[in-house]
1. Keeping to region 116-125, report how many residues are touching a helix residue (DSSP H, G or I) at 6+ places or on another chain (Cβ under 7 Å) and either over 19 Å from ARG223 (Cα atoms) or within 14 Å of the ligand (Cβ to nearest atom) (or both).
2. Looking at region 130-138, can you tell me whether even one residue there is in contact (Cβ under 8 Å) with a residue 12 or more places away in the chain, touching a Leu at 6+ places or on another chain (Cβ under 6 Å) and under 21 Å from ARG14 (Cα atoms)?
3. Find the residue count for region 71-91, including only residues that are farther than 21 Å from ALA23 by Cα and within 16 Å of the chain's Cα centre (by Cα).
4. At least 2 residues that are surrounded by 16 or more Cβ atoms within 10 Å (Cβ to Cβ) and at pLDDT below 95 in each: list the strands (runs of 3 or more DSSP E) lying fully within region 97-215 that qualify.
5. Taking region 57-94 on its own, how many of its residues are without any contact (Cβ under 8 Å) to a residue 12 or more places away in the chain and either charged (D, E, K, R) or open to solvent by less than 10 Å² (accessible area, probe 1.4 Å) (or both)?
Amino acid sequence: MSNTADELDYGGMRFDRTGQAEAFDAIGDHYDEAFPHKEGQVASAEWLIRSLPAGSCVLDLGCGTGTPTARQFAEAGLRVVGIDLSDGMVALARRYVPTGEFHQADIADLRPGGPLDLGRFDAVTAFFSLLMLPRPEIPLALRTVHHLLLPEGLFALSMVEADVDDFSIPFIGKTIRVSGFLRDELREVVEAAGFEIVDESLYTYAPATVDVPPEVQIFLRCRLAA
Ligand SMILES: C[S@@+](CC[C@H](N)C(=O)[O-])C[C@H]1O[C@@H](n2cnc3c(N)ncnc32)[C@H](O)[C@@H]1O
C-alpha cells in the first residue's frame, strides 16, 4: 500500500524518500542499542495508558522496532497498530510485539484521501518519526494525525530540537535526512495543526554511540483543540 517510488507526490508537493527506509532496514536492532534510554517516550506512552479507557486503539507512526512503545501499549491491554516505512523495522516490530498489527507504509499514505485507510484512533504517537520528513511536510503530517484521531483523541509527539530542513547526518553507520524546529516554532506548528499542547518536557540526551551527537529531545502531549 505504500508509495514505493523514491519521490512522493503529496497533493502537488513532491517529497524525496530516497534512502530513508533503506537506512533503517540496515540499522535494524542497532537502533535500540544506540538509543537504550527512552525515558521520555516511555513516560509519554504511560500518560496515554493512564488517560485512555481499556480497549482503546493507538496508532504508532514510525513504530521502529516496536520497542518500547508498541510493546508498552500491548502489555497495557490496548490495541496497537504501527506503521513504518522500513520493511526491516516492521518485521522486528511484528516479532517483538506479536499482538500488534503492523504495516509497511508511509505516514503520507494515511493522509485524508490517501491510499491507506486504517480507520480512526483514540490516540496517535509519533516518536522521532516526523523528524524524518522534509520540513514543509511536517505540518501536513500533523494534519494527517488530526484526521486520524477520534473526538477526544490524544497525540504524543517527540522531536529533536534543531533548526534544519532535510539535513543529511551520519546515523549509526548510515546517512539519513532529518528536519526539526526550535521549541517555540515547533509549538506553533503543532498548534496550527489543531492541537492543544497539555504538557511539554525536554530531555538532554547523549546516545550510546559516538556516531550520533548529543541532542535535546522535545516531548509534547497534545489533545485536539476545542
Ligand atoms: C528515529 S526512528 C524512531 C523509531 C521509534 N518511533 C522509536 O522512537 O523508537 C524513525 C522511524 O521512522 C521511520 N520512518 C521514516 N520515515 C517514515 C515515513 N515517511 N513514514 C513512516 N515511517 C517512517 C523509520 O523507518 C524509523 O523506523
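The values are calculated or read from the model by the stated rules, or taken from the named source; none is laboratory data. Keep in mind that what you see is a predicted model, and the values were worked out from it rather than measured. Using ideal geometry, Cβ is built from the backbone for each residue, glycine included, and neighbour counts are taken over all protein chains shown. Ligands, DNA and RNA are excluded from the accessible area calculation, which covers all protein heavy atoms including side chains. Shrake-Rupley method; radii C 1.70, N 1.55, O 1.52, S 1.80 Å.
1. Quick first cut of region 116-125, residues touching a helix residue (DSSP H, G or I) at 6+ places or on another chain (Cβ under 7 Å) only: 116, 118, 120-121, 123-125.
Right, trim to either over 19 Å from ARG223 (Cα atoms) or within 14 Å of the ligand (Cβ to nearest atom) (or both) and you get 116, 118, 124-125.
Residues meeting the conditions: 4.
2. Yes: one or more hits.
3. Start the filter on region 71-91 by keeping residues that are farther than 21 Å from ALA23 by Cα, which leaves 71-81.
Now drop any that are not within 16 Å of the chain's Cα centre (by Cα), which leaves 71-73, 80-81.
Residues meeting the conditions: 5.
4. 174-178, 195-205
5. Of the residues in that region, 1 qualify.
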